[in-house]
Every structure is written in structure tokens, then in C-alpha cells.
Amino acid sequence: MSKFAIMAEYETPAEIMAAAKKVHAAGYQKWDVHSPFPIHGMDDAMGLDNAKVGYFTFFGGLTGFTVGMTMQWFMNKFDYDLVVGGKPLFSGFFAFPVSYELTILLGAFGSLIGMFVLNRLPRHHHPLLANERFADVTDDKFYVVIECEDDRYEEQATRALLENTHAVHIEMVEDAQ
Amino acid sequence: MSLEAGQPVVQTTTPKELVREPLVLNNRSLGWITNQVVGIIEGDMPKWWNIAFVVSALLAMMSFGYIGYLVTTGVGVWGLNHPVAWGWAIVNFVFWIGIGHAGTLISAILFLLRQKWRTSVNRTAEAMTIFAVVCAGIFPGIHVGRIWLAWWLFPLPNANAIWPQFRSPLLWDVFAVSTYFTVSLLFWYMGLIPDLATIRDRLRKNAGQCKTGLDKMINKLKQFLYGLFSMGWIGSNRHWRNYEKAYLLLAGLSTPLVLSVHSIVSFDFAVSQLPGWHTTIFPPYFVAGAVFSGFGMVLTLMIPMRTIFNLEEIITIRHLELMCKVIMATGTIVGYAYGMEFFIAWYGGNPYELYAFKNRAFGPYWWSYWIMISCNVISPQLFWFKWCRRTPWFIFVVSIFVNIGMWFERFVIVVTSLHRDYLPSSWGYYSPTQVDILTFVGTFGLFLVMFLLFIRYLPTITIFEVKAVTPQADPHTVEGGADKVKGGGN
């Protein structure tokens, strides 16, 4: 059993927002806010920049479109060139609907996979998942968690910082591994 | 009264403040929302659930039985014949695929338009989309006749060294429908992740209350499964940031997707040369009709559900009223399209086109045309009256009419355009057989089986999104704790 993090519990979004601003101002890096739903303005309070999921979506979509066009060219013009109804063997117009659908299909996979990759999920063994009290995070409670590995972490000072906010409960989270 | 200098001529008045109806009634707390929604899954299902499940399962089995009969005997068991070679199978396919469109409209388009009321209804509507697409997918698969060759629709290498022919809109449809199903499923699953985590955590908290060993085992198993699919979600704000972005992108991708799917379905008809099918109005008209029919089905399912599971405070009358307005708007668009088709048939000066439309309204299938008009054009106009939009049993009745009307719309398009060919000698009258009818009826059973299982095992309301639109979730309100923090939470 080693110490994983210090966890403070809050009851309202406004209180945790104020706490998050304080923790951010104190210069912590390895810390997080946990809430049952995304809180508006929390990214700014925590000093987080824009999410990078869009790159995954874009490359997914681009792959889909390229694959769609190439596949239809290969199948109908190159490998099996059969004239049907006097129409051209390949044209970007008739190939568009299928390529368009594949753009969306792979773009959607890109978005979902991008979200998982950037969030390092799935992760079923997180120390917080073993904490009794933390189970309310998916119901109606809000938590600030500062990891012990953070460079600025000092048990007394960090606890004092959190005690100075509207936390209703503060405890150490153990890591069972 | 005389006016004095400097006094405004019109006295300043304060207009009466319009109060917006809240999205969750009675200012309920965040915990109440969790309890109310997850309580449905945790509690025992009412008796009717078992009865409904058995009946639906029997209907679904009947459908599969008839499909087995079709496969072993041949398409001769259907009423198809020359010249009507597309009958109920295609009608049912377009009907079911159209139903799905309301789910995507609610989950994606209303999300992009920042319509917060969507949060109470999007989960059920998206579930309906997926189940409807499953039912839709059956029909093109079985109507190919030799069902064991249906895989030829996909671009897979085969022993004959031939490839599918991509100049045909039927093949575009294969891609449109399979993409639609997959993306709807991804979008739905992504929305489920935080809610599955909620169920997982509640199961963990309730584990101590299990009395018997069996209860404990079931609890463990459920914890494992809900936990597995919630991907270890811990509500981290760093996760929410990527999650919200991915959700927005998926909504942005689903919007052009849903518009394209029914456009491509309409290409199946519009790209042909047949009078009655060969019209440019088809794509927008099909999309509007799909949304119209989908909202009909959403209301048909949701009105009983909200009453039975006491969800009236989350799916409020205001939600129903807003959906009725969508029905009215899309119903009017559909009515306009019916009128415009006739106008163009006359104005275009093509005698075959004009004949096809006259034959639709006054030919041997006049009855189906007028059922369609009364259900789709007349019935939604009742929603101009506020009472009609705010009375659940009345909305339910109209929603049934919408479902019926939209099935007949597809029947009218498919059958009336086909049954009179250019050559009068090949004219015919199409009637479905028992196999046609009961296969279709059975798909409602399949649809309901899936829907009932969904109610039983998954949260029917998007818990985290509903919480996020309550005043308790806003750090700038008193309910959100703004008065407790210096500077009002800013």
C-alpha cells in the first residue's frame, strides 16, 4: 500500500470551481477534478488547452475518403472493367456517395478511438475506483484529486491548501498495488 | 393630464417576464435524477414487462419463421409479380430506416443547435434508431431472393473474381445503411459510458445489501459487465474535455450522415427512369418524411414509458410539446412535397409522369393515397392547437396515425408507380400474401424485444446530460453553490 493522492470532496460545482482555481494557481500539474457531468468553464479554471480529438477525426475521415475512391477505381476501372449502361468506368461523381459514407464512418471511429487514446482509457484498475467514498463521483459529488507524484506535493501544505477551500471531506487515497 | 417638458410621452413599462418551463420539474436534486433513472433498472420490472416481452418475442419468432419459409421455398411466397417486383420488402425497409432518423436528429442536429431539451429524450430515441435500423436491414437482405448470396453486396473478393458495380445506387445504399448503423451505435455507446459508470458505482455501493449468495453473485457479475463497458470512467475533467470534443465531432459527423442516408435511400428510386420515381424533390422530401415518421415513433414509445416509470418530471409536457412541433413542421414539409410532385407532373408536360400521379390519387390504389394524405398531411395540423400538443393521450393517438401514414407513403411510392407499366398489357394489381404481412408484423416484435431489453438493462435517460442542464449544475446559480463562494463562482 502506497499513497496515491489526496482527495477533497465538494458538494456544488461553484465550490469545486473555486477550489480548482486555487489548485491551478498554486502550480500543481498532476491533479484533476472529478464530476458527474462536465462543468462549464472548468477547463479554463484548470488551465487546460483545447482537446486534440479533432486530429484523429480528420485523419480517420481522410483515410475513409481515400479508401472509398481508390477502392471504387480499383474495382470498377482497374481490376474488373465492365461497361454498364455506357457509363464511364470511373468518375468522382458516382464514386462520391460511397466515399462520403466511408469518410463519416472512419471519421466517427477516429473520434471515438481518439477519445479513448487521449484519455488513456480503458483503465479498470485506477486507485480511485477502489475508494469507497469516490463512488459518489458518478452520482452527485465533486472531487479534487492531487497526486502524490506531483513535484509540488507536500502532505501538510497540500492538505492545508485544500482545507482552505469549501471541501466537506479530505482523505488520502491509497494505491493497493 | 397635461404633458410637462422633459417627461417621456410613453411611460416606461416593464414587460411581463416570460418564464421558461424548466427541463426537470420541481427543482429536483442531482441525486434524485440518478435514483429515478437507475431505479428503473435496479427495481423489478412490472408484470406487464414480462407479458409484453413474451408477446414480442413470439411475434419476432413468427417473423423469423416466415423468413425461413421464404428462404427454403423462394420469393414466390410473396405477392411480388410482374410488373410490381418491389413490394412490401422495400416498403418495410424504407419505413424502418426512416423511423431511425428521429433518433439521430435528436442526438446530433439538436445538439449542434444547442437545444437543451434533447437531453431527456436522446437516449431512448437513439436506441430506437439502432433497433429500427436492425429491422430495416433484414428486408434488403431477404428480398435478394437467394439470401446466401447477399454477401455479394459487399466488396469482398470472391471465387468469380468479380466486384460489385458501384454505379448503382443500390450499392450506395449498402454503404449508407451500414455506416448509419455503425455510427449510430458508436454515438449511442459513447453517450452510455458515463451512465454505465454510474450503474457500476451504485452496484458497488449496494453490494453490502445483498442477502443471499445468489444475489451477491448477480451483483458481482453485473459490476463486472457494467464496469467493463464503462471503460474505467472516473468522471475526470481531463477526460470530460476530450469526451465533449469527441461527442461534438460525432454530432458533427452524424448530421451530414443522417441527411445523406435517406437521400441515398431516395436515390434507389430517383435515379431510375420510372415516372413517379424519377424526381429531384425526392432527397429532401424523403429526409423530411423520415424525421416526421421517426418523431411519430419516438412519441409512440415515450408516452407510455414516461407514465409507467414515473419519468414525467424528466420527460415533461414541454418535451412532448416540442416534439409535436417538429412533427407539425416536418408534416407540413411532407404535405408541400406531395403537392409539389403533382404540380411538377402537370407543369413538366410529360404525359407519363402526369398519368402516374393521377393514377396514384384516383387509380386502383386510391385508398392508400388518401390514407397517406389524411394521416400525414391532415393529422399533424391538429398540433396548431396548444391543447393537442400538451395532452399525452391525444399525442399518442396522432403519433399512431403518423406511423400508419408514413408506412402508406412508402407503399404509395413503391407500388403505385410500378403497377402500371408503359405497356397496358403488363398492368397488374399487387396484393401482399400472408407471408408478406406477417413477416412485417413480426418485425415489430423484434423491435419491441430489443426495446424492452434496453429498458430493462440500460438507463433510458442520459443521466449525466440531464444533470448538466439543471440549475444545480451551473456554478453561477444559487442552486450550484454560487452564494457560498466569494465572487459568485466566477
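The values are calculated or read from the model by the stated rules, or taken from the named source; none is laboratory data. Since the structure is predicted, the reported quantities are computational estimates derived from the model, not experimental observations. Positions of Cβ are generated from backbone atoms using ideal geometry, with glycine treated the same way; all protein chains shown enter the neighbour counts.
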In segment B:232-254, is there at least one residue being of a type in the set (Asp, Glu), surrounded by 20 or more Cβ atoms within 10 Å (Cβ to Cβ) and within 14 Å of chain A (Cβ to nearest Cβ)? no
Based on this model, can you work out whether A:Asp139 counts as of a type in the set (Asp, Glu), at the interface with chain B (Cβ under 7 Å from one of its Cβ atoms) and over 17 Å from the mean Cα position of the chain (by Cα)? yes
Of the criteria (1) within 14 Å of B:Ser236 (Cα to Cα); (2) within 19 Å of the chain's Cα centre (by Cα); (3) at pLDDT 90 or above, which one A:Leu48 fails: (3)
If B:Ile199 passes every condition in (1) facing chain A (nearest Cβ under 7 Å); (2) surrounded by 24 or more Cβ atoms within 10 Å (Cβ to Cβ); (3) closer than 17 Å to B:Ile41 by Cβ but one, which one does it miss? (1)
Working carefully through the options B:Gly276, B:Gly294, find the one that is buried (at least 23 other Cβ atoms within 10 Å of the Cβ) and at positive phi. B:Gly276
If only one of B:Pro364, B:Pro284 is modelled with pLDDT of 90 or more, out of contact with any Cys (no Cβ under 8 Å at 6 or more places or on another chain) and not in a helix (DSSP H, G or I), which one is it? B:Pro364
Please count how many residues of segment A:99-135 are more than 7 Å from chain B (Cβ to nearest Cβ), in contact with a Phe, Trp or Tyr (Cβ under 8 Å, 6 or more places away or on another chain), closer than 28 Å to A:Asn50 by Cβ and not hydrophobic (A, V, I, L, M, F, W, C). 2
Among the numbered conditions (1) in a helix (DSSP H, G or I); (2) surrounded by fewer than 24 Cβ atoms within 10 Å (Cβ to Cβ); (3) without any contact (Cβ under 8 Å) to a residue 60 or more places away in the chain, tell me where B:His319 comes up short. (3)
Looking only at segment A:82-115, count how many residues are more than 27 Å from the chain's Cα centre (by Cα) and under 15 Å from B:Ser178 (Cβ atoms). 3
Test: residue in segment B:18-35 that is modelled with pLDDT under 85 and over 30 Å from B:Leu192 (Cβ atoms): yes
Report yes if B:Ser266 is assigned to a helix (DSSP H, G or I), closer than 30 Å to B:Val414 by Cβ and either modelled with pLDDT under 90 or facing chain A (nearest Cβ under 10 Å) (or both), otherwise no. no
Could you check how many residues of segment B:202-230 are among the small types (Gly, Ala, Ser) and either more than 9 Å from chain A (Cβ to nearest Cβ) or over 24 Å from A:His34 (Cβ atoms) (or both)? 3
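Conditions (1) assigned by TED's automatic domain parsing to the domain that holds A:Pro13; (2) out of contact with any Gly (no Cβ under 7 Å at 6 or more places or on another chain); (3) within 16 Å of B:Lys245 (Cα to Cα), marked per residue:
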{"position": "A:His40", "(1), (2), (3)": "yes, yes, yes"}
{"position": "A:Asp44", "(1), (2), (3)": "yes, yes, yes"}
{"position": "A:Phe58", "(1), (2), (3)": "no, yes, yes"}
{"position": "A:Leu62", "(1), (2), (3)": "no, yes, no"}
{"position": "A:Asp79", "(1), (2), (3)": "no, yes, no"}
{"position": "A:Ser99", "(1), (2), (3)": "no, no, no"}
For segment A:110-160, give me each residue that is of a type in the set (A, V, I, L, M, F, W, C), assigned to a helix (DSSP H, G or I) and farther than 30 Å from B:Gln472 by Cα. A:Ile113, A:Val117, A:Ala157
Say we look at segment B:274-308 and pick out the residues that are among the aromatic types (Phe, Trp, Tyr) and out of contact with any Pro (no Cβ under 9 Å at 6 or more places or on another chain); which of these is farthest from B:Phe447 (Cα to Cα)? B:Trp277
Please go through segment A:1-37 and pick out each residue that is within 12 Å of chain B (Cβ to nearest Cβ), surrounded by fewer than 22 Cβ atoms within 10 Å (Cβ to Cβ) and part of a helix (DSSP H, G or I). A:Lys21, A:Lys22, A:His24
